[in-house]
Amino acid sequence: MTAVLEIQGLTKTYRARGGPRRALDGFEMYVEAGQVHGFLGPNGSGKTTTLRTLLGLIRPDSGDLRILGRPVPAELPQVIAHVGAIVESPQFFPHFSARDTLSLLADAGNLPQSRVDWALELVGLRDRAKERVKTYSLGMKQRLAVASALLKQPKLLILDEPANGLDPGGIREMRDMMATLSAGGMTVVLSSHILGEVQLICDSVTIISLGRRVAAGPVAEVLQAHSSGQVRVALE
Ligand code: ATP
């Protein structure tokens, strides 16, 4: 199996007002092609720092990061066209429809308009595409955000807490959407601090605590190890 994402020895210390704060401490993670991979850890464990580092938004102190086999940030320009990401809540124009929103984004990104309907279909918004975004539920807005990241037809999709705030129905829709994407060959990495979300949505998981990997593998195995007390990290 090819690793779409490889992280080794990732270290990052923030210089905060109250003194240095170590966010990542030799963290490692491997994600194989076609997986929906959960990146699970309590609040403040280092998930966002990791994802932002992968996208070149944060400079690490040390570490070896590879996306699609290429080192980042050195070769980020060569891989970024293949990476879709949502690492903070995107702001949409509330008076635009989902289709107009995506159409604008496709134009701005020099991408073919044919991808707009394709992305709407994949996230299950095609029937509601003409409605204004301001009438959308949180789950629909999250799916529109995913659709915006899909316009690139990425090989790797990185989502920071995409299920945050969703009700059980919204989480099931997220699961179905991720299953469709991975069936189409896409690799997804999504972060969460809620064990039940990852259990429902993901195939494999890496658990992070205090900036270190504490467990990784198929979801069922890792969560079994966690519930039997072999993996010691407090999760919701
Ligand atoms: P959450 O689920 O709350 O977003 P997280 O797992 O994504 O948490 P990070 O946001 O990466 O964790 O934070 C890791 C650690 O680094 C935390 O202790 C956090 O307080 C600290 N941290 C994050 N960003 C900064 C910053 N800009 N300056 C100083 N410390 C920071």
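Summary table
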read-out: Scan of the stretch 160-181 for residues that are in contact (Cβ under 8 Å) with a residue 60 or more places away in the chain and assigned to a helix (DSSP H, G or I), ordered by number; value: 178, 179, 181
read-out: Per-region count, the stretch 7-27, residues in contact with a strand residue (DSSP E or B) (Cβ under 9 Å, 6 or more places away or on another chain), charged (D, E, K, R) and more than 10 Å from residue 50 (Cα to Cα); value: 4
read-out: Qualifying position, being of a type in the set (Gly, Ala, Ser), at pLDDT below 95 and on the phi > 0 side of the Ramachandran plot, among 139, 229; value: 229
read-out: Filter result (away from the ligand (no atom under 11 Å from the Cβ) and either open to solvent by 40 Å² or more (accessible area, probe 1.4 Å) or of a type outside the set (A, V, I, L, M, F, W, C) (or both)) within the stretch 34-56; value: 34, 35, 37, 38, 56
read-out: Within the stretch 54-100, strands (runs of 3 or more DSSP E) holding 2 or more residues that are free of Cβ contacts under 8 Å to residues at least 60 places away in the same chain and in contact with a Ser or Thr (Cβ under 7 Å, 6 or more places away or on another chain); value: 62-67
read-out: Residue satisfying all of: in the stretch 57-68; crowded, with 16+ Cβ neighbours inside 10 Å and within 16 Å of the ligand (Cβ to nearest atom); nearest to residue 188 (Cα to Cα) among these; value: 65
read-out: Count of the stretch 185-224 residues which are more than 25 Å from residue 168 (Cβ to Cβ), among the small types (Gly, Ala, Ser) and either at pLDDT below 95 or within 15 Å of the chain's Cα centre (by Cα) (or both); value: 1
read-out: Number of the condition not met by residue 93 [criteria: (1) open to solvent by 30 Å² or more (accessible area, probe 1.4 Å); (2) at pLDDT below 95; (3) within 18 Å of residue 154 (Cα to Cα); (4) away from the ligand (no atom under 16 Å from the Cβ)]; value: (3)
read-out: Where a residue in the stretch 134-149 is closer than 22 Å to residue 80 by Cα and its partner, wherever it lies, is outside any helix (DSSP H, G or I) and polar (S, T, N, Q), with Cβ under 8 Å and at least six apart; value: 145/89
read-out: Any hit, the stretch 9-24, residues being within 16 Å of residue 87 (Cβ to Cβ), within 14 Å of the ligand (Cβ to nearest atom), modelled with pLDDT of 95 or more and open to solvent by 10 Å² or more (accessible area, probe 1.4 Å); value: yes
read-out: Residue under evaluation residue 204, criteria (1) open to solvent by less than 40 Å² (accessible area, probe 1.4 Å); (2) in contact with an Asp or Glu (Cβ under 8 Å, 6 or more places away or on another chain); (3) without any contact (Cβ under 8 Å) to a residue 40 or more places away in the chain, criterion not met; value: (3)
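The values are calculated or read from the model by the stated rules, or taken from the named source; none is laboratory data. In this text the structure is predicted, and so the values were computed from the model without any measurement. Cβ atoms come from the backbone with ideal geometry, glycine included; neighbour counts cover every protein chain shown. Just the protein is used for accessible areas: all its heavy atoms, side chains included, with ligands, DNA and RNA removed. Shrake-Rupley method; radii C 1.70, N 1.55, O 1.52, S 1.80 Å.
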